[in-house]
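Scroll down for the structure; my scribbles are underneath it.
The values are calculated or read from the model by the stated rules, or taken from the named source; none is laboratory data. From a predicted model like this one, the values you see are computed outputs, not experimental measurements. Cβ sites come from the backbone with ideal geometry, for glycine too, and all protein chains shown count toward neighbours. When the accessible area is computed, the model is the full protein with side chains, heavy atoms only, and any ligands, DNA or RNA have been set aside. Shrake-Rupley method; radii C 1.70, N 1.55, O 1.52, S 1.80 Å.
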Amino acid sequence: MAASHAGVSRHAWNWGLDICLKAMDAGMKLPTAIDLHKRLVAEVK
């Protein structure tokens, strides 16, 4: 059970990191944690 939770949290971390790195490469401002959370929830649904 704990291993699956660790896998999900690692996936969410890597997803957020990818979004932030793309924003930095494009010269855009970094999204806030709230922005990332809303986006992740929208993509999961």
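See the values below:
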read-out: Counted residues, the chain - those being open to solvent by less than 80 Å² (accessible area, probe 1.4 Å), in a loop (DSSP other than H, G, I, E, B) and not polar (S, T, N, Q); value: 3
read-out: First in region 13-24 and without any contact (Cβ under 8 Å) to a residue 24 or more places away in the chain and on the phi < 0 side of the Ramachandran plot, second anywhere and hydrophobic (A, V, I, L, M, F, W, C) and open to solvent by 80 Å² or more (accessible area, probe 1.4 Å), Cβ under 6 Å, 6 or more apart; value: CYS20/LEU30; ALA23/LEU30
